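J.: First the structure, which I've put down as structure tokens, then a few questions once you've had a look.
The values are calculated or read from the model by the stated rules, or taken from the named source; none is laboratory data. Keep in mind the model is a prediction, meaning the values are calculated, not measured. Here the Cβ positions follow ideal geometry from the backbone for every residue, glycine too, while neighbour counts run over all protein chains shown. What goes into the accessible areas is simple: the full protein's heavy atoms, side chains included, and nothing from ligands, DNA or RNA. Shrake-Rupley method; radii C 1.70, N 1.55, O 1.52, S 1.80 Å.
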Amino acid sequence: MGSGKSKEPPVSGRKGDVDFTRYKARVDCVKIQGLGRTHDDYVQRATRDLFKATNFQDVIVETTNVKDNLMQLGIFKNLKIHIDVSKGPQATKNGYEVSFEGVELSRLTGSIGTELGQNDGAATAELTSPNIFGRGERLSLNYSYSYVRSSVLNLRLTKPYYHTVLGDYAPETSIGIFKHSSPAPASKFRTDETGVLLDFSFTLPFGLSNSLQYEIGMKEIFAMDKLTPFFVRENCGPKLAGIIRYIGVFEGRDSNVFPTNGVFVKTTQELMGSSLSQFGVMKSDVHCELNVPLFAGISLQMCGRVGMILNDKLKEGIPINQLFFPGGPQSLRGFEVSGACPYREGVAAGCQSYWTSGLHIWSPLPFSSYFGGFGNLFRTHLFYNFGTCNTFTTDKLRSTAGVGLAFRIGQKARIEFNYCQPLSFEPSDRVKKGFQFGIGYEFI
């Protein structure tokens with residue numbers, strides 16, 4: 001927000017179009033009406049680019065940009081724009097006055113809905129108190145419960161700093177209290193987490209979103225039933241855990257769901273320990289994606305994911321809930337969820353390292369133009385997935401080839417219906433030959 005970059009003006013050239021760049025203009029005054037509990041200094045920075053306009057086209061474009069910036073502040077329900085000739089003793093030649101008429105968000109808002117996860121769906125309820133102290137602060141209470149019986153309860157206070165000299169980097173801090181419960185059916189355990197999360201996030205000019213986090217709390221592992229093996233039960237019980245975490249995301253794709261061009265990179269780095277000062281486990285996870293357009297709407301996609309855990313055995317052991325469990329429609333198609341990792345006594349034992357990769361040829365549906373916008377919700381793809389665990393070579397390589405149909409849900413997630421043919425696997429793997437269903441927002 002507030003980066004100073006303007007949207008490109010429309011190219012005129014059709015008969016009857018007016019070229020507004022020929023008309024000199026400047027903005028003498030900006031008025032923001034409807035502010036009640038919001039401090040003036042919180043909105044002033046968002047309007048600064050309007051005063052750089054030199055012609056009427058600039059005024060129109062920058063007014064739209066400023067409206068977007070003001071809505072991103074999280075204080076307005078809606079905004080109306082009025083542009084008029086500047087009047088009064090302070091008016092200049094070719095001067096204009098831009099007014100924004102807004103309605104602030106109420107002191108308490110709520111929502112009930114659904115959200116999609118990785119092969120999961122959840123019902124959610126949220127209560128939010130926006131703009132508590134007049135500079136975008138918000139307090140939110142969120143609860144979700146998914147069909148796999150995982151639950152999330154968060155109480156979070158967020159403070160943005162868009163109005164400061166660092167506003168171009170969208171800095172934001174938050175403190176949250178959380179209680180999570182997540183089952184792992186393939187390994188017959190459940191993890192309950194309760195703690196506090198401190199977060200500082202910011203965005204760099206070239207599009208890299210960053211989040212620095214510190215988490216401290218209690219993590220407890222439970223056996224799911226009487227058949228849970230002893231090597232899993234060894235991890236059970238409450239443990240104090242501290243985590244220093246960095247999350248970096250670079251989004252350079254033309255679409256989040258069906259990209260045809262661009263690069264996407266996401267990395268998560270964690271340093272974990274059982275106390276505030278003793279950190280003996282380092283966990284790293286990196287996801288990369290490259291999309292190349294070919295012809296007739298067809299594109300090539302190459303993607304990969306790699307994860308690794310290193311630990312100082314003299315300081316910390318690795319609890320089972322921190323291990324990797326590759327397999328499933330989001331990582332290695334043709335395998336069950338957590339089905340492409342070592343198994344012991346009939347349950348997934350996890351791994352300390354893994355890598356997976358995928359090659360896709362994406363194509364629109366044949367004759368999709370005859371279906372209008374509905375046809376744009378679908379894509380077909382040919383894919384080849386391969387990867388392995390506990391080694392970075394091609395030993396014990398798992399691989400699958402297949403064809404599938406994908407359906408876009410909103411702008412973040414998709415559903416895949418794939419026919420999978422596993423080509424190589426280990427005897428203990430849980431293979432799923434034939435049709436496989438997947439839903440989520442990050443796929444390999």
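J.: Pairs of Cα atoms under 8 Å, at least six residues apart: use those to get the relative contact order of the chain, whole percent. Working shown, then result.
T.: Details: 1138 pairs, mean separation 39.3, N = 444.
For the chain, the relative contact order is 9 percent.
J.: Still on this structure, I have one more. Glu137 to Asp68: extension gain in nm, 0.36 nm per residue of separation minus the Cα-Cα distance?
T.: Values: separation 69, 0.36 × 69 = 24.84 nm, distance 1.86 nm.
So the extension gain works out to 23.0 nm.
J.: May I pose another question? Taking the Cβ-Cβ separation of Asn94 and Leu204 as r and a Förster radius of 41 Å, what is the calculated FRET efficiency to the nearest 0.05? Intermediate values should be presented prior to the final figure.
T.: On the way: r = 37 Å, r/R0 = 0.90.
Efficiency, rounded to the nearest 0.05: 0.65.
J.: Ile221: net charge of surrounding residues, Cβ under 12 Å, Lys/Arg +1, Asp/Glu -1, itself excluded?
T.: Details: positive: Lys188, Arg190, Lys219, Arg233, Lys239; negative: Asp192, Glu193, Glu220, Glu234.
Neighbour charge sum, excluding Ile221 itself: +1.
J.: Using +1 at the C-beta of Lys and Arg and -1 at the C-beta of Asp and Glu, which of Gln411, Val286, Gly327 has the Cα lying farthest in the positive direction of the dipole of the stretch 161-440?
T.: After comparing all options, I get Gly327.
J.: At 1.4 Å probe size, with the rest of the protein present, what percent of the exposed accessible area of the chain is carbon and sulfur atoms?
T.: On the way: 13870 of 23150 Å².
The value for the chain is 60 percent carbon and sulfur by accessible area.
J.: Moving on to the next point. When 1/r is averaged over all different Cα pairs and the result inverted, which Kirkwood radius in Å belongs to the chain? Mind dumping the intermediate values first?
T.: Values: mean 1/r = 0.0396 Å⁻¹.
Over the chain, the inverse of the mean reciprocal pair distance is 25.2 Å.
J.: For a Förster distance of 35 Å, can you work out the FRET efficiency between the beta-carbons of Asp84 and Leu157, rounded to the nearest 0.05?
T.: Working: r = 40 Å, r/R0 = 1.14.
The calculated FRET efficiency here is 0.30.
J.: Can you pick out the pairs among Lys226/Lys313; Lys188/Lys226; Lys266/Lys433 whose Cα atoms lie more than 20 Å from each other? Walk me through the intermediate numbers first.
T.: Numbers: Lys226/Lys313 30 Å; Lys188/Lys226 9 Å; Lys266/Lys433 30 Å.
In this structure, Lys226/Lys313; Lys266/Lys433 exceed 20 Å between Cα atoms.
J.: Considering Cα pairs under 8 angstrom that are at least six residues apart, work out the relative contact order of the stretch 20-104 and quote it in whole percent. Show your work: numbers first, answer last.
T.: Values: 143 pairs, mean separation 36.9, N = 85.
Dividing the mean separation by the residue count of the stretch 20-104 yields 43 percent.
J.: Taking only protein heavy atoms into account and a 1.4 Å probe, give the accessible area per residue of the chain in Å². Please list the in-between numbers first.
T.: Working: 23150 Å² over 444 residues.
It amounts to 52 Å² per residue over the chain.
J.: Using label points projected 7 Å from each Cα along Cα→Cβ, tell me how many nm separate Val18 and Asp40, to one decimal.
T.: Reported label-point gap for Val18 and Asp40 is 3.3 nm.
J.: At what distance in nm do the modelled label points of Leu310 and Glu234 sit from each other, each positioned 7 Å from its Cα along Cα→Cβ?
T.: Between Leu310 and Glu234, the label points sit 2.4 nm apart.
J.: In the neighborhood of Ser106, defined by Cβ-to-Cβ distances under 13 Å, what is the net charge if each Lys or Arg adds +1 and each Asp or Glu adds -1? Don't skip to the answer; put the middle values down first.
T.: Numbers: positive: Arg37, Lys77, Arg107, Arg138; negative: Glu104.
Summing Lys/Arg as +1 and Asp/Glu as -1 gives +3.
J.: Let me ask something else. Please arrange Trp362, Trp355 by accessible surface area, largest first, computed with a 1.4 Å probe and ligands excluded.
T.: Working: Trp362 15, Trp355 40 Å².
I get Trp355, Trp362, largest accessible area first.
J.: Kindly provide the trypsin sites (Lys or Arg not before Pro) of the stretch 79-124 that DSSP labels as loop, not H, G, I, E or B, and whose Cβ sees at most 15 other Cβ atoms within 10 Å. Let's see the in-between values first.
T.: Details: sites: Lys80, Lys87, Lys93, Arg107; in loops: Lys87, Lys93, Arg107.
In loop regions of the stretch 79-124 (DSSP not H, G, I, E or B), the sparsely surrounded trypsin sites (Lys or Arg not before Pro) are Lys87, Lys93, Arg107.
J.: Residue separation times 0.36 nm, minus the C-alpha to C-alpha distance between Gln33 and Ile361: what's the value? Display every interim value, and only then the final one.
T.: On the way: separation 328, 0.36 × 328 = 118.08 nm, distance 5.13 nm.
Value of the extension gain: 112.9 nm.
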